[in-house]
6 protein chains.
Amino acid sequence: MKTSVFRKEHFNAAHRLHNPHWSPQKNEQIFGKCNNPNFHGHNYDLIVQVIGEIDPETGYVMDMKVLSDIIKENILDRFDHKNLNMEVSEFQNLNPTAENIALVIWQILKEKINTLINPNLAIKVKLYETERNFVEVPA
Amino acid sequence: MKTSVFRKEHFNAAHRLHNPHWSPQKNEQIFGKCNNPNFHGHNYDLIVQVIGEIDPETGYVMDMKVLSDIIKENILDRFDHKNLNMEVSEFQNLNPTAENIALVIWQILKEKINTLINPNLAIKVKLYETERNFVEVPA
Amino acid sequence: MKTSVFRKEHFNAAHRLHNPHWSPQKNEQIFGKCNNPNFHGHNYDLIVQVIGEIDPETGYVMDMKVLSDIIKENILDRFDHKNLNMEVSEFQNLNPTAENIALVIWQILKEKINTLINPNLAIKVKLYETERNFVEVPA
Amino acid sequence: MKTSVFRKEHFNAAHRLHNPHWSPQKNEQIFGKCNNPNFHGHNYDLIVQVIGEIDPETGYVMDMKVLSDIIKENILDRFDHKNLNMEVSEFQNLNPTAENIALVIWQILKEKINTLINPNLAIKVKLYETERNFVEVPA
Amino acid sequence: MKTSVFRKEHFNAAHRLHNPHWSPQKNEQIFGKCNNPNFHGHNYDLIVQVIGEIDPETGYVMDMKVLSDIIKENILDRFDHKNLNMEVSEFQNLNPTAENIALVIWQILKEKINTLINPNLAIKVKLYETERNFVEVPA
Amino acid sequence: MKTSVFRKEHFNAAHRLHNPHWSPQKNEQIFGKCNNPNFHGHNYDLIVQVIGEIDPETGYVMDMKVLSDIIKENILDRFDHKNLNMEVSEFQNLNPTAENIALVIWQILKEKINTLINPNLAIKVKLYETERNFVEVPA
């Protein structure tokens, strides 16, 4: 029977929502305060879900210490205390909305976990931008 | 790939659980303290989930400010600081259990979001009556 | 050295803010939605703090099971799933604001704990009406 | 339409992760601090989800008081303030990882709820070992 | 008897820790990742405590709606979705550590509340930079 | 003006409440389930408060990274994933109630912080044994 394991991590970052193909007026109209050119920031809470079978030898779907290390090396060390627009390469040409940040994290972790640990593990990512606004990929 | 966005809101209301086709004894037996004819109340935490594709122009599944405004106008302004049994029309003939409140909210928001925003967005509603009792529709 | 122990409990109740010596207009102006004559309600989170010396025999300031039982018998059994204005005698002539509810709880528990357990224990009461509005007596 | 109801409970227990077919070195290597032969412990938060149709008579998928009583009798009374390895029979020959504890709880509750309440209700169990490590069965 | 009322609000902002009288090396050594010249950010949770007597007419120490409006006008409208170093005048020459942000908020709110509402009300400010790092002024 | 800074940490441990000078019957009567000779356990949340003046050079009362390191080295490395009764020397002859655990932590940290950092800093320790039972020293 398929079982999910979840690991919660967090990082703090600055960002700005902006579409370079739009006028300043349209950016202001769509993104409001989030378009501030001087940036604002968040404490992002990240929950990574890994779905697979329980290994009868260990009783684990996946070692949570290993999962935590993979998240740290591939996400936290690159995103934490950073300006996402200026310092994280994936957002050079991608608007760092919560949806897109979660999608990027999902793509990175899925590739790492399926390559390093087990190609049969499925991954989901839930990202809290605030306590009241959050996203999940895939739905 | 389908992505979910979530918005958390809250409202405070009084209610009473009661089936008018039952005797007072049966109401008391089934609903216990929740049948108190003088009402009791809750802080309801409401999480609305909207499922769709990320718009490449905005990076949004749906603008969370718009979602928050739709919830405010259609749910909070009608439910907050109200007596659900006496003042919210949907519960004139429907017992305001957490299940039924969530179902009513889901029906209202689904119709509004599919009409006003996008007919392809799917909706789910999670309602916390207390920190320990909560419901989700659809399952 | 003085040490504090804390016990968190909760109850759900309906209430209405109202000053019978004021006009309906003034009640509406001061209390707004909280003046709704049909009542509204809350999940109240209650934290009772007891301050004293650690007993060297037990390692306890006070047995938390006993504290929980005193709160249950004297507060929860009288307040939970009740209409505070109509069913709790202390609010017959006292407006059930968070401040006054906390004050009433403090008076009841202080008398019980000092009589039943130890006259030297000091008491403080913190009451959350919502996650964002809360009070403490004494300050 | 299928609706979910959720009940949150908690218990405190000691445990140790250990595979008796492995050497002490391999146990230490795989389970690290969790292999401590003197045990460590957790506050486990347990969320039981029951999925079914809303009963039009009650407005309930299932009476949450009855669900709470079933969890108390079958899980909390057997697991709370216990040493899982030494005192809970299901873990005599099963490593008490979060995954396996959740699986055992799911098996017990599914059998009880389908027998006592309704054979058509589906069950899911989410178990928080810490705020940052948790599992769900089935996925 | 003195009673406290508390109002919780929040804002999201970017900041950078930096002492312009120090070398880049010393700034890096003392402030580490928080010295990033491209800024990072936080969801700040703000709890404002007001201490005074309960008014027998209203049952309030202070109307929480008025308190919320004062916080919104004087703090949130100026700090939320802003770059604290670049856009909030108080931090032109003051390092925006959690301690200093809380101190600035305390000075602003104390002056407003004592002038507009009541000179006898005492104020305390608690500011959460993350769930794990927070400050309070005065101690 | 005195300012407080707070750092939240956590550890997981097994323990048993027991007074060796009492009969098994009295231990069972006073400590109930907590007297289980096979131990039970908790996720302990620890909040350390440091009270002092804000340093005008750094804007800090105390560097939270240094505080976190002191807590890790002196408390977490000795208490986390341990059996408090069997493996932590301070509880060889001291009952590991929440009150006594908090007192021991306070004594250790006060000595370290006053020696290593600043003799004028005052310390308080808040320890959550569960979400509903917690203690603070000094009161």
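As a check on your reading of the symmetry: which chain D residue has its Cβ nearest the axis that brings D onto F, and how far is it in Å?
Result for the axis mapping D onto F: D:Gly41, 0.
Please arrange B:Ser23, C:Ser89 by accessible surface area, largest first, computed with a 1.4 Å probe and ligands excluded.
Ranked list, largest accessible area first: C:Ser89, B:Ser23.
Step through the table entries F:Lys2/F:Lys65; C:Lys110/E:Lys110; C:Lys65/C:Lys110; A:Lys126/D:Lys126; D:Lys82/F:Lys126; A:Lys65/B:Lys126, compare each Cα-Cα distance with 24 Å, and write down the pairs that go over it.
C:Lys110/E:Lys110; D:Lys82/F:Lys126; A:Lys65/B:Lys126
Residue separation times 0.36 nm, minus the C-alpha to C-alpha distance between A:Lys112 and A:Arg132: what's the value?
4.2 nm
Using the charge dipole of chain F (Lys, Arg: +1 at Cβ; Asp, Glu: -1 at Cβ; taken about the Cα centre), state which of F:Val88, F:His18, F:Met64 has its Cα farthest towards the positive end.
The residue sitting most towards the positive pole is F:His18.
Of all the accessible heavy-atom surface of the protein assembly as shown, with the other protein chains kept in place and a 1.4 Å probe, what percent is carbon and sulfur?
Carbon and sulfur: 52 percent of the exposed surface of the protein assembly as shown.
Which whole-number percentage describes the relative contact order of chain C, with Cα contacts under 8 Å and a sequence gap of 6 or more?
Contact order relative to length: 30 percent.
Compare F:Lys8, A:Lys72 by solvent-accessible area with a 1.4 Å probe and give them largest first, with all protein chains kept in place.
If we order F:Lys8, A:Lys72 from most to least accessible, we get A:Lys72, F:Lys8.
Where only protein heavy atoms count, and the probe is 1.4 Å, what is the accessible area per residue for region B:2-137 in Å²?
Computed with neighbouring chains in place, this is 41 Å² per residue.
Shape call for the protein assembly as shown from the C-alpha gyration tensor, a ≥ b ≥ c root eigenvalues: rounded (a/c under 1.5), prolate (a/b greater than b/c) or oblate?
rounded
What value, in deg cm²/dmol to 500, does the helix sum -39500 (n - 2.57) over DSSP H runs of n ≥ 4 give at 222 nm once divided by the residues of chain D? Intermediate values should be presented prior to the final figure.
Working: 4 runs with 39 residues, N = 139.
Value at 222 nm, helices only, nearest 500: -8000 deg cm²/dmol.
Give, as a single signed number, the net charge of other residues whose beta carbon lies under 14 Å from the beta carbon of D:Leu76, with Lys and Arg counted +1 and Asp and Glu -1.
Taking every Cβ under 14 Å from that of D:Leu76, the sum is +1.
What ranking of F:His21, D:His81 comes out by heavy-atom accessible area, probe 1.4 Å, highest first?
Numbers: F:His21 165, D:His81 20 Å².
Order by accessible area, largest first: F:His21, D:His81.
Express in Å², to the nearest 10, the accessible area of E:Asp69 obtained by rolling a 1.4 Å probe over the protein heavy atoms while all chains stay in place.
70 Å²
So what's the net charge close to C:Val50: Lys and Arg +1, Asp and Glu -1, counting the other residues with Cβ under 9 Å from its Cβ? Kindly include the intermediate steps, with their values, before the conclusion.
Working: positive: C:Arg7, C:Lys124; negative: none.
In short, +2.
Hey, if you put +1 on the Cβ of every Lys and Arg and -1 on every Asp and Glu Cβ in chain D, which of D:Gln29, D:Asn43, D:Tyr128 ends up farthest toward the positive end of that dipole?
So the residue we want is D:Gln29.
Treat every Asp and Glu Cβ in region B:10-100 as -1 and every Lys and Arg Cβ as +1, leave all other atoms uncharged, and give the resulting dipole magnitude about the Cα centre to the nearest 20 debye.
Charge dipole of region B:10-100: 680 debye, to the nearest 20.
Please give the Cα centre distance for region F:1-55 versus region E:1-78, rounded to the nearest Å.
A separation of 31 Å, based on Cα centres.
Once ligands and nucleic acids are excluded and a 1.4 Å probe is used, how much of E:Met1 is accessible, expressed in Å² to the nearest 10?
Probe radius 1.4 Å; accessible area of E:Met1 about 90 Å².
Dipole size in debye (nearest 20) for the protein assembly as shown around its Cα centre, Lys and Arg Cβ +1, Asp and Glu Cβ -1?
The calculation lands at about 0 debye.
Determine the sum of side-chain charges near F:Ala139: Lys and Arg each +1, Asp and Glu each -1, restricted to other residues whose C-beta is under 12 angstrom from that of F:Ala139.
It works out to a net charge of +1.
Say R0 is 41 Å: what FRET efficiency, to the nearest 0.05, do A:Ala122 and D:Glu57 get from their beta-carbon distance?
0.55
Per residue Cα convex hull volume for region E:2-137, in cubic angstrom?
On the way: hull volume 14.7 nm³, N = 136.
With only Cα atoms used, region E:2-137 gives 108 Å³ per residue.
Got a sec to turn the phi values of region A:75-87 into Karplus ³J(HN,Hα) couplings, 6.51 cos²θ - 1.76 cosθ + 1.60 with θ = phi - 60°, whole Hz, x for Gly and Pro?
The phi angles translate into 10, 4, 5, 9, 10, 6, 6, 10, 8, 4, 5, 8, 10 Hz.
Ballpark to the nearest 100 Å², how much total accessible area do C and B bury together, probe 1.4 Å?
Roughly 1800 Å².
The values are calculated or read from the model by the stated rules, or taken from the named source; none is laboratory data. Remember, predicted model here, so these are calculated numbers, not experimental data. Cβ sites come from the backbone with ideal geometry, for glycine too, and all protein chains shown count toward neighbours. For accessibility, only protein heavy atoms count, side chains too; no ligands or nucleic acids. Shrake-Rupley method; radii C 1.70, N 1.55, O 1.52, S 1.80 Å.
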